[in-house]
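Below is one structure, written out as structure tokens; the observations come after it.
The values are calculated or read from the model by the stated rules, or taken from the named source; none is laboratory data. Note that this is a predicted model, so its numbers are computed, not measured. Because the Cβ atoms are built from the backbone with ideal geometry, glycine has one as well, and the counts that use them run over all protein chains shown. To get the accessible areas, we keep the full protein, side chains included, count just its heavy atoms, and leave off ligands, DNA and RNA. Shrake-Rupley method; radii C 1.70, N 1.55, O 1.52, S 1.80 Å.
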Amino acid sequence: MQQVMIIEDDPAIREELKLLLKNEGYRPLPVEDFTDIAGQAAQWGPDLILLDIGLPGRDGFSLCAGLRRSVSVPIIFVTSRDSSLDEIQALSLGGDDYITKPYNVPVLLARIKAALRRNGNSSEAEVLETRGLRLHLTRGMVSAGTKSVLLTRNELQILACLMGRPGDIVPRAELMETLWDNQIYIDDNTLSVNMTRLRGKLEELGLPDLIKTRRGMGYQL
Ligand code: CA
């Protein structure tokens, strides 16, 4: 049974999410003690995390960055805020998707399912190797030489797609299709945000220009 961690301080919403997930066949893992959330995530080993932004003590943004140091499962922000600035911030801090409250239940469930499917698909082969890079699919990590960095699910999928076809120009539309379920609308900007973040991580590995942009055509490794 797949486990979904719920990080939401509003007891009514938390209870609602819990029931919703249970009815859908997931095991809900609601957080009730907000002091060491990253520690609980590492201990519980969820398959996906639903994360509120307005939380006691620490906001969801900084928490997401903290969670990313210990887990690589999909993180979906569920929040009442709805500005595009928040969306970009959420994605650039390591979130995989973003849903605003009041949420539409079928949409929320479809996004959870899509995120879990993307996550599951990536574990077919364990390690991809291209151009000095080793992509550890099941660990959500990429390494070059002795350095390694953790990737979000989206970054992992983008890189896996490019590494699977070294030298080929992969169109943006194809990358978006790989990333998101066809029924879910996602804008071009989100892909750019993910790409920028991925390049930043490759730069940490000493490979700043590994992914080339081919203007009007797509990306190339
Ligand atoms: Ca809240």
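Checking the structure you have, find out if any residue of the stretch 80-89 is touching a strand residue (DSSP E or B) at 6+ places or on another chain (Cβ under 8 Å) and open to solvent by less than 10 Å² (accessible area, probe 1.4 Å).
No, the conditions are met nowhere in the stretch 80-89.
Inspect all residues belonging to the stretch 155-175 and state whether any of them is over 21 Å from residue 88 (Cβ atoms), among the acidic types (Asp, Glu), modelled with pLDDT under 85 and not in a loop (DSSP other than H, G, I, E, B).
no
Output the qualifying pairs, or none if there are none: Cβ atoms under 7 angstrom, residues six or more apart or on different chains, first residue in the stretch 133-152 and crowded, with 20+ Cβ neighbours inside 10 Å, second residue among the polar types (S, T, N, Q) and part of a strand (DSSP E or B).
Listed pairs, sorted by first residue: 142/148.
Show the residue pairs meeting these rules: Cβ distance below 7 Å; 6+ apart or different chains; first residue within the stretch 36-58 and closer than 17 Å to residue 96 by Cα and within 16 Å of the ligand (Cβ to nearest atom); second residue at pLDDT below 90 and part of a loop (DSSP other than H, G, I, E, B).
Between residues of the stretch 36-58 that are closer than 17 Å to residue 96 by Cα and within 16 Å of the ligand (Cβ to nearest atom) and residues that are at pLDDT below 90 and part of a loop (DSSP other than H, G, I, E, B), the close pairs are 49/73; 53/59; 53/81.
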